[in-house]
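Take a look at the structure below.
The values are calculated or read from the model by the stated rules, or taken from the named source; none is laboratory data. Since the structure is predicted, the reported quantities are computational estimates derived from the model, not experimental observations. All Cβ positions, glycine included, derive from the backbone under ideal geometry; neighbour counts span all protein chains shown. Just the protein is used for accessible areas: all its heavy atoms, side chains included, with ligands, DNA and RNA removed. Shrake-Rupley method; radii C 1.70, N 1.55, O 1.52, S 1.80 Å.
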Amino acid sequence: MKHTKIIDLLTGKALLHEVKAKGWVKTFRNNQFIALNDGSTINNIQCVVDLDKFPAELLKKIHTGAAISVRGTLIESRGAGQNVEIQVENLKVYGESNPEEYPIQPKKHSLEFLRENAHLRIRTNIFGAIMRVRSTLSYAVHKYFQDNGFFYFNAPIITGSDAEGAGEMFKVTNFNLNKLPRTEEGAVDFSEDFFGKATNLTVSGQLEAETYAMALGSVYTFGPTFRAENSNTSRHLAEFWMIEPEVAFNKLADNMDLAEDFIKYVINYTLEKCQDDLAFLEKRLQEEEKNKPQAERSEMSLLEKLRFITENNFKRVSYTEAIDILKASKPNKNKKFNYIIEEWGADLQSEHERYLVEKHFKCPVILFDYPADIKAFYMRMNEDGKTVRAMDILFPGIGEIVGGSEREERYDVLLDKIESMGIDKEELWWYLDTRKFGTAPHSGFGLGFERLVLFVTGMTNIRDVIPFPRTPQNAAF
């Protein structure tokens, strides 16, 4: 007999029929009531065991974490808290396990403890909910772009270029590190390496995606990226996933329209598909908020925060206007900001971005036309010669969540920018070629997927929204 997912059994459609369920034991009360979960839903199904039908030796094997199969009749539940339950007729326990050594006991565990047991933390309610939301968001990303005529493009993970110009990249080599070949000057001779040159793990698929947009029109990448930033904050990972669409002939305003529509779609989709998980995460967040000082508590619940995004138009504000607002703000005048805004050209921090969203405009904000000096080389220069057609989307509680721009499509301007920033133009000859052969206006943006999952789940540490976090001094599992 084929087993049925617990999420389907809980609908009650198989009431009074014989059913089979498989999963992991959450609790086993009074040697009679098994709370069983198979990962398909945050909700358990109760399985009622008749003690007279099963040997004591078998029942001793049933404990939290044990994998079992039950067969029986789906009936209306006699107890509170569930509509249906399984009256067990047949019971099988898979494998052997030691209940005393099982780390994930039915009690509250700290998130730090669960990170140390990342191979088992998915069995908790909180991580089951997070990862189901993550999966749904991932599907929504693909569905949005596929439904809107985009082509999925797989950007290379190994690259010889640094798209961000940050230099914080992981090297890729097959050298024997104890016996490195050297040039006459004593430098490592990468010409003898596997690729014949120095290569790295990518920080972005944008530059390659631009080349494909110049033929396919609308493309997107959604894959792993890497940054060797030695940061142990709650917002940084060494390995993370990026969503990066690129669209030919799109100007900056089109790029803003696309980003706003995309974000609203994936959040709305998840609100519809993950109601039980989001309700659980909202309740968890409310409990966490109670332990914070009043001044630090969020003004919105998790679901209110998500609907704040989906139900509000994003306010579009120039960087210059934002600087004027921040300079005149009370936190700035009273020196409450950690970074005081004194003049045009300042690089905005999260506290400034959150002020604009949460206090001043009270809606999501898109900032645009940033100073060229604080943005990347590939962003299109405006006619004023000072600003570029960049855009950042700002959310409550998190600040910047999306960064994008209209790309510099003019060959001579792009070449000047590359040279003035000290970037090796020989490494980007292929990128410059796209400006020589059929160049066209185009735009795109990048959205760190984990940052989106962080926002939607209400979690506060990015290590808790990726299955196995990679951070400085940590590559376990």
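Within segment 243-264, is even one residue part of a loop (DSSP other than H, G, I, E, B), in contact (Cβ under 8 Å) with a residue 60 or more places away in the chain and in contact with a Leu (Cβ under 8 Å, 6 or more places away or on another chain)? Looking through segment 243-264, at least one residue is part of a loop (DSSP other than H, G, I, E, B), in contact (Cβ under 8 Å) with a residue 60 or more places away in the chain and in contact with a Leu (Cβ under 8 Å, 6 or more places away or on another chain). Against the list (1) under 30 Å from residue 432 (Cβ atoms); (2) among the polar types (S, T, N, Q); (3) open to solvent by 60 Å² or more (accessible area, probe 1.4 Å), the condition residue 318 fails is (3).
Within segment 308-348, the set of residues being without any contact (Cβ under 8 Å) to a residue 24 or more places away in the chain and either at positive phi or outside any helix (DSSP H, G or I) (or both) comprises 311, 334, 335, 336, 337, 338, 339, 340, 341, 342, 343, 346. Restricted to segment 397-410, and to residues there that are out of contact with any strand residue (DSSP E or B) (no Cβ under 6 Å at 6 or more places or on another chain) and under 16 Å from residue 443 (Cα atoms), the residue that is least open to solvent (accessible area, probe 1.4 Å) is 408.
I'd like to check something: does segment 364-384 contain any residue that is at positive phi and without any contact (Cβ under 8 Å) to a residue 24 or more places away in the chain?
no
If a residue must be of a type in the set (A, V, I, L, M), over 22 Å from residue 353 (Cβ atoms) and touching a residue at least 40 places away in the same chain (Cβ under 8 Å), how many such residues does segment 279-307 contain?
Residues in segment 279-307 being of a type in the set (A, V, I, L, M), over 22 Å from residue 353 (Cβ atoms) and touching a residue at least 40 places away in the same chain (Cβ under 8 Å): 1 in total.
Okay, residues lined up against (1) closer than 17 Å to residue 396 by Cα; (2) open to solvent by 30 Å² or more (accessible area, probe 1.4 Å); (3) not polar (S, T, N, Q):
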| site | (1), (2), (3) |
| --- | --- |
| 270 | no, no, no |
| 274 | no, no, yes |
| 280 | no, yes, yes |
| 297 | yes, yes, yes |
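Per-residue answers, yes or no, for (1) under 21 Å from residue 161 (Cβ atoms); (2) surrounded by 18 or more Cβ atoms within 10 Å (Cβ to Cβ):
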position: 387; (1), (2): no, yes
position: 413; (1), (2): yes, no
position: 418; (1), (2): yes, yes
position: 424; (1), (2): yes, no
position: 433; (1), (2): yes, no
position: 450; (1), (2): no, yes
position: 455; (1), (2): no, yes
position: 470; (1), (2): no, no
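Taking (1) in contact with a Lys or Arg (Cβ under 9 Å, 6 or more places away or on another chain); (2) open to solvent by less than 10 Å² (accessible area, probe 1.4 Å); (3) assigned to a loop (DSSP other than H, G, I, E, B) in turn, residue 204 satisfies each apart from (1). Are any of the residues in segment 216-230 polar (S, T, N, Q), under 23 Å from the mean Cα position of the chain (by Cα) and surrounded by fewer than 19 Cβ atoms within 10 Å (Cβ to Cβ)? Scanning segment 216-230, I find at least one residue that is polar (S, T, N, Q), under 23 Å from the mean Cα position of the chain (by Cα) and surrounded by fewer than 19 Cβ atoms within 10 Å (Cβ to Cβ), so the answer is yes. Suppose the filter is open to solvent by 90 Å² or more (accessible area, probe 1.4 Å), of a type in the set (D, E, K, R) and part of a helix (DSSP H, G or I); does residue 289 pass it? No: the conditions fail for residue 289.
Evaluate the following for residue 209: is it closer than 21 Å to residue 263 by Cα and open to solvent by less than 30 Å² (accessible area, probe 1.4 Å)? For residue 209, the condition - closer than 21 Å to residue 263 by Cα and open to solvent by less than 30 Å² (accessible area, probe 1.4 Å) - is met. Set side by side, the residues 368, 468, 395, 449 differ, and just one is farther than 22 Å from residue 260 by Cβ and either modelled with pLDDT of 95 or more or among the aromatic types (Phe, Trp, Tyr) (or both), which is 468.
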